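Remarks on the structure that follows.
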Amino acid sequence: MKKIILLSISFFFTLISLIFLYLVLVGYETNKFNSILESKITNNLANTKINIDKIKIKINIKNISFFVTTAKPDIEFHNNKINIAKIDAYIDLKSLVIGKPKINNLNIVSNEVDVNEIKSIIKYSKPSNFKKFFLNEVEKGVISFNIDINLKNNLINSYEINGYVKNFFAGIQDVKLEKSSFIYLVKKNSSEI
């Protein structure tokens, strides 16, 4: 009888360990939550449409959180397609257990995006010197970005945007930039090129 109980307990712990290991290394791929996520994003972000093919759920041991990732989502903002390679969201495990999921971190990685595609999106942002410069002075180029957003109570606490620009043509007063390439880093209170 003891052997059966010990064998059952060891089998149970082995099974749980294997499932946990699978969720850490490979993840569980599903499309069951797509419509829920798509409707939440569409309702919370005005003039935005999203279509997600599959979602992969993984466990992040370091932060004790769930890691939800999707590759190549179709995102449109004001009927302009945004070329995104991957979106990752880290969801706090405790908040998920009590039924009020909180996203702690969000990571958005783009493919290379043409400057003209960004111009068609940036024109909907608030007026600023950057918007004016980008729309009027930038002629062409290719931009790639990686956005890391840290959230606290589902509000943006801090962010970091980094990436590269290549084959960049722009005019800054009397100076013309042609075939320029550079990397950049933008944080909440600082930026570097």
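Comparing Ala85, Ala46, Ala170 in a Gaussian network model of the chain (Cα springs below 10 Å), the most mobile by mean-square fluctuation is Ala46. Surface composition of the chain: carbon and sulfur atoms hold 60% of the protein heavy-atom accessible area at a 1.4 Å probe.
For the chain, hydrophobic long helices are taken as DSSP H runs at least 20 Å long by C-alpha position along their axis with mean Kyte-Doolittle hydropathy of 0.0 or more; these are 2-25. Farthest towards the positive end of the charge dipole of the chain, among the residues Leu6, Ser180, Asn60, is the Cα of Leu6, using unit charges on the Cβ of Lys, Arg, Asp and Glu.
Taking every C-alpha pair closer than 8 Å and separated by at least 6 residues, the mean separation divided by the residue count of the chain gives a relative contact order of 11 percent. Only DSSP H runs of four or more residues enter the estimate; each adds -39500 (n - 2.57), and after division by the residues of the chain the mean residue ellipticity at 222 nm equals -9000 deg cm²/dmol. Per residue, the average separation of C-alpha pairs within less than 8 Å and at least 6 apart gives the stretch 142-193 a relative contact order of 30 percent. Taking label points 7 Å from Cα along the Cα-to-Cβ direction, Tyr22 and Asn79 give a separation of 4.6 nm.
One decimal place: the segment Lys94-Thr14 gains 26.4 nm when fully extended, by the rule 0.36 nm per residue minus the C-alpha distance. Taking the chain as a Gaussian network of alpha-carbon nodes connected by springs under 10 Å, the highest mean-square fluctuation of the residues Asn104, Asn79, Asn146 belongs to Asn79. Rolling a 1.4 Å probe over the heavy atoms of the protein chains gives the stretch 111-193 an accessible area of 70 Å² per residue.
The values are calculated or read from the model by the stated rules, or taken from the named source; none is laboratory data. Since the structure is predicted, the reported quantities are computational estimates derived from the model, not experimental observations. For neighbour counting, all protein chains shown are included, and Cβ atoms are generated from backbone atoms with ideal geometry for every residue, glycine included. These area figures cover heavy atoms from the full protein model, side chains too; ligands, DNA and RNA do not enter into them. Shrake-Rupley method; radii C 1.70, N 1.55, O 1.52, S 1.80 Å.
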